[in-house]
1. Note the angle between two axes, namely the Cα long axis of helix 116-126 and the longest principal axis of the Cα atoms of the chain, as a number of degrees from 0 to 90, rounded to the nearest 10.
2. From the square roots a ≥ b ≥ c of the eigenvalues of the alpha-carbon gyration tensor of the range 123-276, which class results: rounded (a/c under 1.5), prolate (a/b over b/c), or oblate?
3. Report D for the chain in µm² per second (integer): Stokes-Einstein, Kirkwood Rh on Cα pairs, 25 °C, 0.890 mPa s.
4. Just for the chain, what percent of DSSP beta bridges are antiparallel, to the closest 5?
5. Below 8 Å between Cα atoms, with a sequence gap of 6+, how large is the relative contact order for the chain in percent?
6. Take the range 50-123, drop everything but the C-alpha atoms, weight them equally and run the Debye formula without solvent; then report log10 I(q)/I(0) at 0.13, 0.22 Å⁻¹ to two decimals.
7. If you find the alpha carbon centre of the range 68-91 and of the range 1-36, how far apart are they in angstrom?
8. Return the long-range amide H neighbours of E135 (sequence gap of 5 or more, or a different chain), with a cut-off of under 5 Å between placed amide H atoms.
Amino acid sequence: MNYSLNQLPERTAKPREQGYTMVMDKGLSLREVEDFLEVGAACTDVVKLGWATSYVVPNLKRKLEIYRAADIPVYFGGTLFEAFIIRNQFDDYRRLLDQYGMEYAEVSDGSLDLDHDRKCEYIRELSQSVRVLSEVGSKDAEKIIPPYKWISQMEAELAAGAVKVIGEAREGGNVGLFRSTGEVRSGLVEEILTKIPGEKIIWEAPQKAQQVWFIKLLGANVNLGNIAPNEIVSLETIRLGLRGDTFTHFLDMDAVDPMFRPVAKTGKPGTSMPRG
Ligand SMILES: O=C(O)[C@H](CS(=O)(=O)O)OP(=O)(O)O
């Protein structure tokens, strides 16, 4: 950091297991990757090459080398895994991971109907050679999965070898964990957290309001994903309570000069409002 400031929430350090930021690269050019890394590398834990963009982008090998040189692990989006599975090409997918020296793989079933035992089998097999991130939730807004199923699927996928499970939201943040308006399905999230440890979950939260919601609920070191490359510094400031949205969230208000405490509507400046 560029200077010192008191009373900031403690951030875990890289390589971290908690407080993860997963960035979605949906087709950055090599120059854009370099520019992104110049500002974003310190705050980025892992990069996903969104859906099957890795099939189309030129210079894939070079792109992976640039991320590797910055010590940022990369994985192909779950949709690419699904594109291989639906074509009965699992062995080709494994070869692809080998060919590009991938250390992570995403296993998801957001776009296809995949028997859950079979999905766990894929997780089990892939986790012999790579770190598997498995995604729970559908990309179909019409498909509402009840909380008990999110929980049982997450439990089974972690037991099968996934290092973390990802909560689906897509690039837009309007399915899965969220309603079509982007509002968090808070009951779903809270129910999931009664059974699955928060550090095992990466919450896809592409919208700022969604990031703020999770940070307020779970703290600065919540795992968040589908962050756009140009939002990475913004997110870090929100985690640290250095943007208006979380400005007082991490402060001990009793240690703050009363004149800066929130003012009750009818009170005089400096009259503190009850906290809670
Ligand atoms: O599930 C996701 O977040 C993404 C991106 S989107 O659904 O196409 O917007 O899919 P993935 O294949 O995991 O990158």
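Every read-out reported here was derived from the displayed coordinates using simple, explicitly stated rules and does not represent laboratory data. Everything quoted here is computed from the prediction, not taken from an experiment. Glycine also receives a Cβ, built like all others from the backbone with ideal geometry; neighbour counts cover every protein chain displayed.
1. With rounding to tens, the tilt is 80 degrees.
2. Numbers: a/c = 2.32, a/b = 2.14, b/c = 1.09.
Judged from the Cα gyration tensor, the range 123-276 comes out prolate (a/c at least 1.5, a/b above b/c).
3. Numbers: Rh = 19.8 Å.
Rounded to a whole number, D works out at 124 µm²/s.
4. Numbers: 2 of 25 bridges.
Antiparallel bridges: around 10 percent, rounded to the nearest 5.
5. Numbers: 453 pairs, mean separation 51.4, N = 276.
Worked out over the chain, it gives 19 percent.
6. -0.39, -1.02
7. What the calculation gives is 22 Å, centre to centre.
8. When sequence neighbours closer than 5 places are left aside, the close amide H contacts are V107, S108, D109, I166.
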